[in-house]
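Q: Questions regarding the structure given below will be posed in turn.
Just so you know, all these numbers are worked out from the coordinates, no wet-lab data involved. Values in this document were obtained by computation on a predicted structure and should not be read as measured data. Virtual Cβ from ideal backbone geometry, glycine too; neighbours counted across all protein chains shown.
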Amino acid sequence: MLWWSALAATAQVANDNIDSRRVLQLEETVTSSTTGCTVQRACVDERLTGKCIEYHNDQWFEFTPPAPGRYFVNIGGQKCRDIRGVQLVVLAGQPCQPATYQVLSCTSLGMQDDVFVELNLPRAGQSYLLNVDGYLKDFCQFTLQVSHQASGIPALSLPTTPSVAPALSARIVTLSWQLPDSLGTATSFRVLRHEQHDFRSQVRSILPVGRDTYGTPLPDYNTTDTLTAAGLYCYQITTDTQPPVLLQQRWVAFERPISAQTPLAATATYLELPLRNYPRNSNLSVVISDPQSGRVLTHRQLVNQPGNARQAQLPAAPWQAAGLQKIAVEITCHPPRGRFFTDHLLLDVPPPAAGR
């Protein structure tokens, strides 16, 4: 956790203020942080971005294209306190005059992959505003670049977690996809896997594009992946073209057979989160921290399913071993309808199970 200690000590950046916005040069890579940033409410209007973004700790950049055409905003190197990552809004208009704003792009990921946002900028010499915010007030260090080349994966939000994902009782996941004729220059695919509590996606395999005897790309592909732990996983398949193209996103759930599961009470004590207080199918972000030091102990994101008792249970053993008697719990709820809200709770750490 040394990188988090350094991140927490980062001073507020100058471009927290729109008047001190940082001017980006084409192909220049800058490093910044959302830690300690604030929001100039007079300079933003959440009605323009809808549910895509709520401003918490934003900062401002400016880019002026030297020629009209296609550009890519590359976000990389995210190191965040929580799992959520950063958000990006690209605007045309006059600084701190929301009535003049036109939203060109709004990206909110809830993860920390290296991603790119494609922009088509029609006018040379016109300045555009880039606003970067910590998703749900996450503290993040990150790099930002405007380039002619895309880097990372397309910045498309993960598909909404299904209330009932296709459940697997076996560990093997089979993926099938097609290569469109329009992407005939592709030479390989990347298969990425993201477990809903992971910071970043993992590259599970890189597969070559097959060709027939005439050199024409073959259209149909499939591969398998083996899951080693129960969880909810999102698979993404991208091409190696420039820019990379997302061909497929798919959620799968893996649950161990009941015969292989050990009753919870037989092995450990668990702390139960009050998830019954939140609407069904709400997106919940849970951050657990030490109430004395403020250090983040763990975090998770989930879709609230009141009928799933295990979803609310957290192993208490690490906190018992650390001698903690209480933990601070921050639950941010994005309900299916209405605005998000955040609850701050102080919960007792249960004592170890008898006989342990």
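Q: Give me the one-decimal nm value for the distance between modelled label points at SER147 and LEU346, 7 Å along each residue's Cα-to-Cβ direction.
A: Label at SER147, label at LEU346, 4.8 nm between them.
Q: Now, a different point. Name every cysteine in the chain that ends up alone, with no second cysteine's Cβ under 4.7 Å, or say none.
A: Cys with no partner Cβ under 4.7 Å: CYS37, CYS234, CYS333.
Q: Contour minus end-to-end for HIS56 and ARG310, with contour as 0.36 nm per residue of separation and end-to-end as the Cα-Cα distance? Can you show the working numbers first?
A: Values: separation 254, 0.36 × 254 = 91.44 nm, distance 3.13 nm.
Full-extension gain reported as 88.3 nm.
Q: In a GNM of the chain with a 10 Å cut-off on Cα contacts, which of ASP82, ASP58, ASP240 has the highest mean-square fluctuation?
A: Residue with maximal mean-square fluctuation among ASP82, ASP58, ASP240: ASP240.
Q: Tell me the Kirkwood radius of segment 2-154: reciprocal of the mean inverse pair distance over distinct alpha-carbon atoms, in Å.
A: 15.3
Q: Assign one of three labels to segment 167-257, namely rounded, prolate or oblate, based on the Cα gyration tensor with a ≥ b ≥ c the square roots of its eigenvalues; rounded applies when a/c is under 1.5, prolate when it is not and a/b is larger than b/c, and oblate otherwise.
A: On the way: a/c = 2.97, a/b = 1.95, b/c = 1.52.
Because a/c hits 1.5 or more and a/b exceeds b/c, segment 167-257 counts as prolate.
Q: Moving to a separate point now. Relative to the present Cα-Cα distance, how much length would full extension add between ARG41 and ASP212 at 0.36 nm per residue of separation? Don't skip to the end; give the middle numbers.
A: Details: separation 171, 0.36 × 171 = 61.56 nm, distance 5.83 nm.
Full extension of this stretch gives 55.7 nm more.
Q: What length, rounded to one decimal in nm, is gained on full extension from ASP19 through to ASP240, with 0.36 nm per residue of separation minus their alpha-carbon distance?
A: Working: separation 221, 0.36 × 221 = 79.56 nm, distance 3.92 nm.
Answer, rounded to one decimal: 75.6 nm.
Q: 222 nm [θ] for the chain, helices only, -39500 (n - 2.57) per DSSP H run of 4+, per residue, to 500?
A: Values: 3 runs with 16 residues, N = 356.
The per-residue figure over the chain is -1000 deg cm²/dmol.
Q: Where does the chain land on Rg(C-alpha)/(2.2 N^0.38 Å)? Could you put the intermediate results ahead of the total?
A: On the way: Rg = 22.4 Å, N = 356, 2.2 N^0.38 = 20.5 Å.
For the chain, the normalised Cα radius of gyration is 1.09.
Q: Rounded to a whole number, what is D in µm²/s for segment 203-355 from Stokes-Einstein with the Kirkwood radius over alpha-carbon pairs (20 °C, 1.002 mPa s)? Provide the component values of the computation, followed by the final result.
A: Details: Rh = 19.3 Å.
It comes out at roughly 111 µm²/s.
Q: Report the Rg/Rh value for segment 269-348, based on alpha-carbon coordinates and the Kirkwood definition of Rh. Kindly include the intermediate steps, with their values, before the conclusion.
A: Working: Rg = 12.8 Å, Rh = 13.1 Å.
For segment 269-348, the value is 0.97.
Q: From the phi of every residue in segment 97-112, what ³J(HN,Hα) in whole Hz does the Karplus formula 6.51 cos²θ - 1.76 cosθ + 1.60 yield, where θ is phi - 60° and glycine or proline is x?
A: Along segment 97-112, the couplings run 10, x, 5, 9, 6, 10, 7, 8, 7, 9, 10, 9, 9, x, 7, 10 Hz.
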